[in-house]
Every structure is written in structure tokens, then in C-alpha cells.
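Data block below; observations after.
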Amino acid sequence: MIVGAQYYRPPNPPRDDWERDLARMRSAGFDTVKLWACWSWMQPTPDAIDFADLDALFDLAHQQGLGVVVNTILENAPYWLAARHPAARYHDQDQRPVRLTAAMNTPGGGWPGLCFDNPSVWSAASAFLTAVVERYRTHPALRVWDVWNEPHLEPASYFPDRLYCYCDASVSGFVAGLRSSYGSLSGLNAAWSRRFSTWDQVGPPRVFEAVPDMVDWRSHWFRNLASWLDRRCAVVRAADPAHPVMTHVALSGFTGQLATHTLDEFTLTSPVDLFGTSSFPTWLMADDHVEHLFNLDTARGAADGKPFWQAELQGGRGRRYGRESTPHPAPSTVALWMWNALAAGASGVVFWQWRPELLGPEAPGYGLCTPDGSVTARVAAASEFGAAVRSLEGAVAEPGSVGLLVSRESALHAFATDRSMSLYTDAVLGAYRLLLDADLPVEILHADRVAAAGVPGHVGSVYWPMPSVAGASLSSALSSFVHRGGTLVAEAAPGEYDDLGRRRAAVPGAGLETLFGARQVDADILAEPVEVGGLIGHWQLETLAVSDGSVVAAFPDGTPGIVRKGGAVLVATYPSLSYAATGDAETRAAVVGLLAPDQARALTWNLPGPGLLHRVLTKPDGQRVVVAVNWTNTDQKAIVADASVNVPARSGAFFPLPG
């Protein structure tokens, strides 16, 4: 496993410390250093690029035997370019432009950059990117080009209550896309339920609750950002076909930022050679190992067999944020995060960052070292972990057999109608928590990929939380999965809405009534949680009429609560929302009983429960290894191939599997 750290983001750290710091990094057993190539900082005038800092750092890294990851940062445009093209600034729904400034992630200024829908901006960015790649493509220290740091619609990170981008170029691109996809104005009118008389009247939505408009507007931006990534990768590969290209997301969009930030990691992996995700478990996740693992598993699912990294991992205290500031993680916790990454199949861990920065809101946060560059026990913990798992170099995570089906369309529908996707996020994270607490081998499945290519053959059972939106292709793929012998457990009202947010008169929709053998007569909001078949449901309850399905369990009023037809199971409420709030053990057992009652396990825990998990990796020589992680405060016994092994409290271990 690659173990490294972010080091240089101008104007940090002090130049006089570079040689000493990189030597300490290498002495600690780290093998990789990340350096930022910041456009605004390096090209303060149109006619010259300042390579002095990166030249020196590349040479120093090479002297220490450190491989370099270059993070090319275009989200800090030069001020001269903004002055030349003021219309290219990002604009929100009320046409307010965002002027360039310094910000948390760009203390050297130029944030949030300019909108790449403007050809003049992309031309200048492409020229800068080409110059950087040509400068360092033959340097012996170069390891990877990270072409986009945490891709999303950049201003949304500071203005999550606003929508972007409404500059003239972006609006024109959106309308052109509508013309192409709908073919005619009458086609658009039918889709949006409008009566436009000319294309000049058409534009993106400026308020919520215009549901088809908002779904199409956000969907356009997912495609648009993917095209921006395609262009960056193409420029880098044209200048340097030899070195791998990557990007890494800030976190999973399904944890809440999918709609506001236009962040769906599954749309950002096609053009790259390797993928990554950032994680700040104490600062942003309340030390919840489940949320951390969800982000890792989602990145692995998005990577679709390509290598992936924990591309940023919190190294020290959180940023200065008043009384909400978070403390340094314990060294053992830092190691546990690394065990999470290993278990999820990450082939690299790069910390954010080696030492704290000295300027900006992040100062003096996140460093493995002290502000003056002295090493800490957190450095020692990371070093010891790297040494302990060195024999697993090249090991690959075996795919999971239990799928968790997530849907961008369902998230967008929640956002367009509720002004927030939080209800959908709670359902997805509640379902994932239940599966992880049961120590099932989870594979994150994206509805778009399933609709296009079906459920992967290694997946034997699928859980589908809050399945509000489904189209004919997804319905067909799930039906094929069940007919080949798979088990599908869906929560209430699958396919209630179509892809543009129209509520269907018949539910389950998109042909799913035949699959489940039941239909919805009515549905109501629950004032209190409800029990059915040993599990607790929440938020909504369906009244079902059963056709050729079998009633597995009834609600207290006697109406069908769980219906099964072959391998298709319909639960007429939302256990994911209940489990998110309570972690109820009986609900977990009941759902596992429906989903995977005979799940084969490489490892079994003596006292199974939340906080204990294992995954299986395969080494290049074919040897299978089980990685066990113990987040509880007591030592735990595990059984591997009939042998009892100890996994220490708040630590991890790995064991070879015989055969």
C-alpha cells in the first residue's frame, strides 16, 4: 500500500523547511508526496509560468526517494484572466457572479476559478495544464497526475443554498442539450408539462419545485462535469502518455452533496486510470467508522475494478471553526482509518497532510506533524501500519456478494421536491449501516450502471432502500437478476416516480408490480414507527393488495407488510430510516434473514455485532487473506478456518486463508 502525504500548497510550507521535512517524511517510511500546481499562483501574468517552487520540490523529493503526485489545480484562475473575461465568472440562479478570492482550499487566491463552459477559459487552462505536464513528464520522481482535486461545481462548497452555474455559456449549453435530447419544442413541452411557444422562453429553473426542470438541469451538470474531466485527462495524456491519470472526490455524493455540488462519483471514473476519495472522519464524520467505510466502498464501487486510493486522510485536528473545532485524533484512531482503507481495497493512503499549513482557515489543522514540522505519535502510527501490511502489496479486494442499490435519480427527486436530499441520504446510510453492522460483504451498485449492464454476476442479493424512482431499463435488469436466482429486497413504493419526477398512478411502477406480486392501494405517513416481521419501519406505510405474491408478515392492523414472490421481497415501509436512528438489532436480524440468511463467511466473530467487520483480499500470487477490523473497545475473538484468532481492541489484523 502506498503511504504518503500532501505537502505543498502555496504559500505553504516555508521554503527553508522543504529539505528537512521531506527527509523526515522518507525516514518515517512514507514513499509518496503530493504537490499542488496552482494555476493562479504559478501564472500571475499571461506571458510566463513560474516553475521555481515545483522544480525545487521535485528534485528534493527525488533525492529522498519519494514519488510525486502532482495535483493540478485549475479552480484558482489567474486574476488577469478574470479581468479579460468577466462574463465567465460563476453565476448563481439570481445572476450573482462570484469574484475571485482566497478561500479555505486556495489560501493563495484565485478561488473558485472561472466556468469552463466558456471556451476562452478552457483554452487558457489547457495551455497551462500542457505546460506543467511537459515540464515534469520525464522527471524521475513523477508518479501520478491528479488532474482534478475533488471535482464538483466549485462555488457550491461555500454557497450550498445557491445553484450554479447560470453564466450565459452554461445556460446556452443547457438549452442546446434540451434541443438535442427532446428533438423539438413540443417534445420538451410534453416532458416538462409546459406550453412554451419559442425556444427563447426555455431556461434552467430558478426556484425549487419545478421538478422536471430541476432534474434535467442537475442531470445536465453531471454530464457537463464529466466532460470537463474528460478534457483534462485528454490534455494530460496528449502531453504524457506514460504516467497514470487520476482524480479524487471530496466524499460520496450520496452522503448529501450529490444535488447541490453536482457530485456523483460514479460519473467520474471512466476516463481515469485510478480513482480516490477524501476522508476527514473526525472533522466531518463525527468519528463514525460506518460513514468512513461507506465513502471508501462507494469509491471502490465507482472505480469499477480500477485501483483506488484513500487520496486524502485527516492527519490532525480539524480546521479552526470556533467551538465546533475538532481535536487531534488518537494515533490508534489514525491507524484504524488506515485499516478501514485496506479492508475496503484501497491501494494507497495519502494523508492531508504532512504538517499543518500556516495561512488560511485550515491553519493549523490536519497535520500529522506539529506546526513547526516535528513528527508526532500519529506519524509513528501511520509508519507502523505501513510496515505491518507491506506483505499485502498488490492485494485486491474481492467483490462483495450483497449489493446496496443507490440511485442518483431518487436523490435528485428528493432534492427537487423536498429542497433537500437528506431523507434519501438517511435511507441509504441507514441501509449501509445495517449491512455493515451485520458484517456482510457489501458492494455499492449504482442504478444507472445496473440499468445499462445488469446486476454483476458476483452479487447474489440486493437491498434497495427508498426506491422512489425507477425506469423501464432498471426494472428489466432487476427482474432478470431475480429470475436468474438472485434475491431482491425493496423498501416501500419501488418505481413510484418516473425519471422526471411524475408520480405514477400504479405502484410499484415500471412493470415492478409483476415482479413483486403486489400493488399499492394507498400509502400514508407514519406518526410512529411500526413493527412488521421482526423489523421496525418508519416514515411511510403502504397498504398493499397482493396478487400472486405470498404474505410473509402483516402489520398490526392485519394488512400485508412483507410480500415475497420468488426472490423478490417487498417491505411496505422503510426499515433503513428506522435503523439509521436506532441501530435496532432485531431489525438488523430480520433484514439479514430476508436478504442473505445463508451468507458464507471467511471469518466469523465469537460475539458478532456493530464495530466488527472483515473483508477478503487476494494477493498477486493468488493467496487469499482476510482483513479483520475491530472498532470496539475490547479484544475480539474471530474464527478463521476453524482456528481462533485475536483481533485487539480498536485495531486490525490480517490472516491467510487456507486453500
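The values are calculated or read from the model by the stated rules, or taken from the named source; none is laboratory data. Bear in mind that the values here come from a model prediction, so they are computed numbers and not experimental data. Note that we place each Cβ from the backbone using ideal geometry, even for glycine, and neighbour counts take in every protein chain shown.
One table, with the values for the structure above:
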{"item": "Residue that is surrounded by the most Cβ atoms within 10 Å (Cβ to Cβ) [pool: residues in segment 610-659 that are among the charged types (D, E, K, R) and in a loop (DSSP other than H, G, I, E, B)]", "result": "R650"}
{"item": "Residue, surrounded by the most Cβ atoms within 10 Å (Cβ to Cβ), within segment 219-275, restricted to residues that are acidic (D, E) and more than 23 Å from A411 (Cα to Cα)", "result": "D240"}
{"item": "Strands (runs of 3 or more DSSP E) fully within segment 67-183 counting 1 or more residues that are among the acidic types (D, E)", "result": "142-149"}
{"item": "Among the residues listed as W309, W337, W354, the single one being at pLDDT 95 or above and in a loop (DSSP other than H, G, I, E, B)", "result": "W354"}
{"item": "Positions within segment 267-305 being assigned to a strand (DSSP E or B) and either closer than 14 Å to W339 by Cα or among the charged types (D, E, K, R) (or both), in sequence order", "result": "S279"}
{"item": "Positions within segment 242-271 being among the aliphatic types (A, V, I, L, M) and touching a Pro at 6+ places or on another chain (Cβ under 8 Å), in sequence order", "result": "V245, V249, L263, L268"}
{"item": "Sole residue being surrounded by fewer than 22 Cβ atoms within 10 Å (Cβ to Cβ), within 24 Å of G534 (Cβ to Cβ) and of a type in the set (S, T, Y), chosen from S550, S576", "result": "S550"}
{"item": "Unique match (being surrounded by fewer than 18 Cβ atoms within 10 Å (Cβ to Cβ) and small (G, A, S)) among S391, S468, S461, S410", "result": "S391"}
{"item": "Single unsatisfied condition, G348 versus (1) touching a Cys at 6+ places or on another chain (Cβ under 8 Å); (2) within 30 Å of L445 (Cβ to Cβ)", "result": "(1)"}
{"item": "Meets criteria (within 15 Å of the chain's Cα centre (by Cα) and either closer than 30 Å to Y136 by Cβ or not assigned by TED's automatic domain parsing to the domain that holds A580 (or both)) for D240", "result": "no"}
{"item": "G558 vs. criteria in a loop (DSSP other than H, G, I, E, B) and more than 21 Å from V455 (Cα to Cα)", "result": "yes"}
{"item": "Verdict on V507 being in contact with a Phe, Trp or Tyr (Cβ under 6 Å, 6 or more places away or on another chain), buried (at least 20 other Cβ atoms within 10 Å of the Cβ), of a type in the set (A, V, I, L, M) and within 29 Å of T582 (Cα to Cα)", "result": "no"}
{"item": "Residues of segment 579-609 that turn out to be in a helix (DSSP H, G or I), surrounded by fewer than 19 Cβ atoms within 10 Å (Cβ to Cβ) and touching a residue at least 40 places away in the same chain (Cβ under 8 Å), as a count", "result": "5"}
{"item": "Test: residue in segment 45-54 that is among the hydroxyl-bearing types (S, T, Y) and within 19 Å of V350 (Cα to Cα)", "result": "no"}
{"item": "Every residue from segment 522-540 that is more than 24 Å from L474 (Cβ to Cβ), in contact (Cβ under 8 Å) with a residue 24 or more places away in the chain and hydrophobic (A, V, I, L, M, F, W, C)", "result": "L526, V530, V532, L535, I536"}
{"item": "Selection within segment 392-449 - at positive phi and among the basic types (K, R)", "result": "R419"}
{"item": "Single unsatisfied condition, D216 versus (1) within 24 Å of A447 (Cα to Cα); (2) part of a helix (DSSP H, G or I); (3) touching a strand residue (DSSP E or B) at 6+ places or on another chain (Cβ under 7 Å)", "result": "(3)"}
{"item": "Selection within segment 1-13 - over 11 Å from P356 (Cα atoms) and outside any strand (DSSP E or B)", "result": "M1, P10, P11"}
{"item": "Residue within segment 579-589 that is among the hydroxyl-bearing types (S, T, Y), at pLDDT 95 or above and under 26 Å from the mean Cα position of the chain (by Cα) present", "result": "yes"}
